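Colleague: Mind looking over this structure? Questions follow.
The values are calculated or read from the model by the stated rules, or taken from the named source; none is laboratory data. Since the structure is predicted, the reported quantities are computational estimates derived from the model, not experimental observations. Because the Cβ atoms are built from the backbone with ideal geometry, glycine has one as well, and the counts that use them run over all protein chains shown. These area figures cover heavy atoms from the full protein model, side chains too; ligands, DNA and RNA do not enter into them. Shrake-Rupley method; radii C 1.70, N 1.55, O 1.52, S 1.80 Å.
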Amino acid sequence: MTLTELKYIVAVARERHFGKAAESCYVSQPTLSVAIKKLEDELEVKLFERSAGEVTVTPLGEQIVQQAQSVLDQAASIKEIAKRGKDPLAGPLNLGVIYTIGPYLLPDLVRQNIARTPQMPLVLQENFTVKLLEMLRAGEIDCAIMAEPFPDTGLATAALYDEPFMAALPTSHPLASQESITSEQLRNETMLLLGTGHCFRDHVLEVCPEFARFSSNAEGIRKSFEGSSLETIKHMVAAGMGVTLVPRLSVPAEALKPRGKGKKDSDQMVRYLPVIDAGGREPPMRRVVLAWRRSFTRYEAIAALRNAIYACELPGVKRLS
């Protein structure tokens with residue numbers, strides 16, 4: 001068997017489609033199919049069940065694919081060890097970031113990384129948490145910046161910062177004149193949510209769990225709107241269609257200037273308020289972490305990335321070491 005054949009079976013197991021797997025490996029489908037058939041003949045086992053438009057991995061195939069991924073990781077480690085002998089930070093670092101972090105952290109992070117380790121360019125991938133976890137396991141990315149919690153997949157993690165949530169309200173809203181707002185007050189409002197798949201949606205629903213019921217008699221929820229991005233939802237808030245929660249780093253700096261300074265109140269369409277809970281409970285927040293495979297050998301690259309993140313401004317968050 002060859003590493004190329006192992007790469008092909010991992011791709012088919014991931015894509016569940018021979019054509020897509022061949023495309024991801026930059027070979028023709030016949031080439032990939034012949035190679036996999038050769039491997040099955042050599043092992044005298046069937047790795048995949050083939051039917052019209054569908055490919056499934058056999059139970060024994062699952063075990064072989066897992067071992068194949070491990071072998072590919074180890075083979076990649078040989079190259080990485082060789083690179084580290086010359087320059088521990090040489091070569092690109094494939095970084096995944098969830099959608100509700102990327103736009104607000106990456107511009108500063110890329111600048112810091114170029115200034116500190118120009119020989120280690122970042123290859124960026126934005127996606128949902130579940131997809132980034134799949135890409136980590138498959139070796140398609142080296143590390144990912146995500147928000148806890150996420151399923152324990154045996155990854156190594158390092159806490160980066162705790163980020164509080166802020167409420168976003170139209171400036172015309174009766175509560176917008178307050179200096180802060182409680183989660184109890186939010187529960188009486190029309191809440192604008194991110195669509196299914198965004199982990200930040202789940203964080204919001206933890207603060208206001210009744211919005212998860214989606215029953216027609218739930219006050220406000222029958223009018224709620226699901227958006228594809230935080231920026232879309234902010235525009236909906238500005239239009240007076242409801243309120244939402246946003247992570248602190250997504251709040252524009254000018255929006256937090258004292259009212260009456262810099263801009264007229266009427267010029268700012270959205271008011272951002274800290275969320276404060278009674279009873280001594282912590283205000284709602286999320287923990288942002290850096291995750292990577294335990295088999296990933298570029299320890300210096302992970303450390304350099306963490307240092308670049310800590311060098312970013314990160315206004316309003318609690319840095320963790």
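Colleague: To the nearest 0.05, how large is the calculated FRET efficiency for Glu254 and Ala303 if R₀ is 41 Å and r is the Cβ-Cβ distance? Don't skip to the answer; put the middle values down first.
Modeller: Details: r = 34 Å, r/R0 = 0.84.
The pair Glu254/Ala303 has a calculated efficiency of 0.75.
Colleague: Right, here's the next one. Tell me the carbon and sulfur percent of the accessible area for the chain, rounded to whole percent, probe radius 1.4 Å.
Modeller: The C+S portion of the solvent-accessible surface of the chain is 54 percent.
Colleague: For segment 49-95, take the convex hull of the Cα atoms, compute a quarter of its surface area, and give me that in nm², please.
Modeller: 5.0 nm²
Colleague: Sort segment 100-139 into rounded, prolate or oblate with this rule: let a ≥ b ≥ c be the square roots of the eigenvalues of the Cα gyration tensor; rounded if a/c is under 1.5, and if a/c is not under 1.5, prolate when a/b is larger than b/c, oblate otherwise. Provide the component values of the computation, followed by the final result.
Modeller: On the way: a/c = 4.26, a/b = 1.58, b/c = 2.69.
Judged from the Cα gyration tensor, segment 100-139 comes out oblate (a/c at least 1.5, b/c at or above a/b).
Colleague: If r is the Cβ-Cβ distance from Lys38 to Val110 and R0 is 51 Å, what FRET efficiency results, to the nearest 0.05?
Modeller: Numbers: r = 43 Å, r/R0 = 0.85.
The formula returns an efficiency of 0.75 here.
Colleague: Follow-up question, since we're still on this one. Do you know the relative contact order of the chain, to the nearest whole percent, from alpha carbon pairs under 8 angstrom that are 6+ apart?
Modeller: Rounded, it is 23 percent for the chain.
Colleague: With every protein chain left in place and a probe of 1.4 Å, what is the accessible surface of Met191, to the nearest 10 Å²?
Modeller: Its accessible surface works out to 0 Å², give or take rounding.
Colleague: What FRET efficiency, computed as 1/(1 + (r/R0)^6) with R0 = 51 Å and r the Cβ-Cβ distance, is obtained for Lys318 and Tyr26, rounded to the nearest 0.05? Don't skip to the answer; put the middle values down first.
Modeller: Numbers: r = 44 Å, r/R0 = 0.87.
Rounded to the nearest 0.05, the efficiency is 0.70.
Colleague: While we're looking at this one, here's another question. Using only DSSP helix segments of four residues or longer, with each worth -39500 (n - 2.57), what per-residue ellipticity at 222 nm results for the chain after dividing by its residue count and rounding to 500?
Modeller: So the helix-based figure for the chain works out to -12000 deg cm²/dmol.
Colleague: Tell me, in nm to one decimal, what length is gained between Gln185 and Ala159 on full extension, where the rule is 0.36 nm per residue of separation less the Cα-Cα distance? Intermediate results must be reported in sequence, preceding the final value.
Modeller: Numbers: separation 26, 0.36 × 26 = 9.36 nm, distance 3.10 nm.
Once the chain is fully extended between Gln185 and Ala159, it gains 6.3 nm.
Colleague: Starting from 0.36 nm per residue, how many nanometres of slack lie between Thr58 and Ile78 once their C-alpha separation is accounted for?
Modeller: Values: separation 20, 0.36 × 20 = 7.20 nm, distance 3.02 nm.
That pair, Thr58 and Ile78, stretches by 4.2 nm at full extension.
Colleague: A further question follows. Count the DSSP beta bridges whose two residues both fall in the chain, then state the antiparallel fraction as a percent rounded to the nearest 5. Each step should come with its number before you reach the end.
Modeller: On the way: 28 of 41 bridges.
Roughly 70 percent of the beta bridges in the chain run antiparallel, per DSSP.
Colleague: Further question on the same structure: In sequence order, what are the phi-derived ³J(HN,Hα) couplings for segment 90-99 according to the Karplus relation 6.51 cos²θ - 1.76 cosθ + 1.60 with θ = phi - 60°, rounded to whole Hz, with x for glycine and proline?
Modeller: Ordered by residue, 3J(HN,Hα) equals 6, x, x, 10, 7, 10, x, 9, 6, 4 Hz.
Colleague: How would segment 128-193 be classified by its alpha-carbon gyration tensor: rounded, prolate or oblate, with rounded meaning a/c under 1.5 and the a/b versus b/c comparison settling the rest? The partial results should precede the final answer.
Modeller: Values: a/c = 3.51, a/b = 2.87, b/c = 1.22.
Cα axes put segment 128-193 in the prolate bin.
Colleague: Now, a different point. Could you do me a favour and compute the accessible area per residue for the chain, 1.4 Å probe, result in Å²?
Modeller: Details: 16230 Å² over 321 residues.
That works out to 51 Å² per residue.
Colleague: Given (i) 160; (ii) 173; (iii) 126, which label gives volume of the Cα convex hull per residue in Å³ as computed from the coordinates?
Modeller: Here the calculated entry is (ii).
Colleague: When the Karplus curve 6.51 cos²θ - 1.76 cosθ + 1.60 is applied with θ = phi - 60°, which whole-Hz ³J(HN,Hα) does each residue of segment 112-118 get, with x for Gly and Pro?
Modeller: Per-residue couplings from phi come out as 5, 5, 5, 5, 8, 9, x Hz.
Colleague: Ignoring everything but the protein chains, give the 1.4 Å probe accessible area of Thr56 in square angstrom, nearest 10.
Modeller: Accessible area, nearest 10 Å²: 60 Å².
Colleague: Also: Please compute, for the alpha-carbon atoms of segment 35-182, the extent along each of the three principal axes and give them in descending order in Å.
Modeller: Computed over the Cα atoms, the extents are 73, 46, 25 Å.
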